Amino acid sequence: MSVIPAEASNNDLADNQSESDTELVLQCQQGNQHSFRQLYRRYSSRVRSTLYQLCGAEALDDLVQEVFLRAWKGLPQLRQAAQFSTWIYRICWNVASDQRRNLQRQRSFNSKLKAETDSLSLQNSKSQAPDLMHLHYQDIIQRGLQQLSFEHRAVLVLHDLEDIPQKEVAQILGIAVGTVKSRLFHARMSLRQYIQQQGETL
């Protein structure tokens, strides 16, 4: 059974603004699907963005569906309702990691990157300012991200593109804050070098 909710009503949208994650999680743990629909609408775009940056466009809808399916199944065991945001990003990381392993078994990583790069001519209508956030969906940034190791890419995506604090990134990825800082430094350096090689600047 699909856990991706149907379109929400105006009442849903109004409720979405007023109830905290904690309240909605506690209601979900009592079997309230309406509250889960609100959590979905609150987090679906962030989940989609994170998965897109980690895995590319291939099977994106299925990956988003998998994240929320795991979330729905796991909510009864979530002990800290206030930590829902960190928890859902952790599920994103797990789904992305599983997807990466599956793809590596099916074909080489290089051929996967080529297929994804060929499909990324969309979402390029925003500001051309040489700022990482403004260049979020530009093809050159996406290609640059794909040159990084999966671990470095994850840190850069979560911290720089999704604006998640380093301490929370460490919790999501299950690593030390010092490791986050180190990977972030090397990821930014590598991405900057790649962009400069393309004749651009950050």
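The values are calculated or read from the model by the stated rules, or taken from the named source; none is laboratory data. Nothing here was measured: the structure is a model prediction, and the numbers come from that model. All Cβ positions, even for glycine, are placed from backbone atoms using ideal geometry, and neighbour counts span all protein chains on display. The area values use the complete protein model at the heavy-atom level, side chains included, leaving out ligands, DNA and RNA. Shrake-Rupley method; radii C 1.70, N 1.55, O 1.52, S 1.80 Å.
Considering region 23-41 alone, what residues qualify as being open to solvent by 50 Å² or more (accessible area, probe 1.4 Å), assigned to a helix (DSSP H, G or I) and not aliphatic (A, V, I, L, M)?
Those that are open to solvent by 50 Å² or more (accessible area, probe 1.4 Å), assigned to a helix (DSSP H, G or I) and not aliphatic (A, V, I, L, M): GLU23, GLN27, GLN33, HIS34, ARG37, ARG41.
Give ASP61, ASP21 a once-over and let me know the one that is out of contact with any strand residue (DSSP E or B) (no Cβ under 6 Å at 6 or more places or on another chain), in contact (Cβ under 8 Å) with a residue 60 or more places away in the chain and among the charged types (D, E, K, R).
So the residue among ASP61, ASP21 that is out of contact with any strand residue (DSSP E or B) (no Cβ under 6 Å at 6 or more places or on another chain), in contact (Cβ under 8 Å) with a residue 60 or more places away in the chain and among the charged types (D, E, K, R) is ASP21.
Can you tell me how many residues in region 61-81 are assigned to a helix (DSSP H, G or I) and surrounded by fewer than 14 Cβ atoms within 10 Å (Cβ to Cβ)?
Of all residues in region 61-81, those assigned to a helix (DSSP H, G or I) come to 61-77, 81.
Now restrict to residues that are surrounded by fewer than 14 Cβ atoms within 10 Å (Cβ to Cβ): 61-62, 73-74, 76-77.
The total comes to 6.
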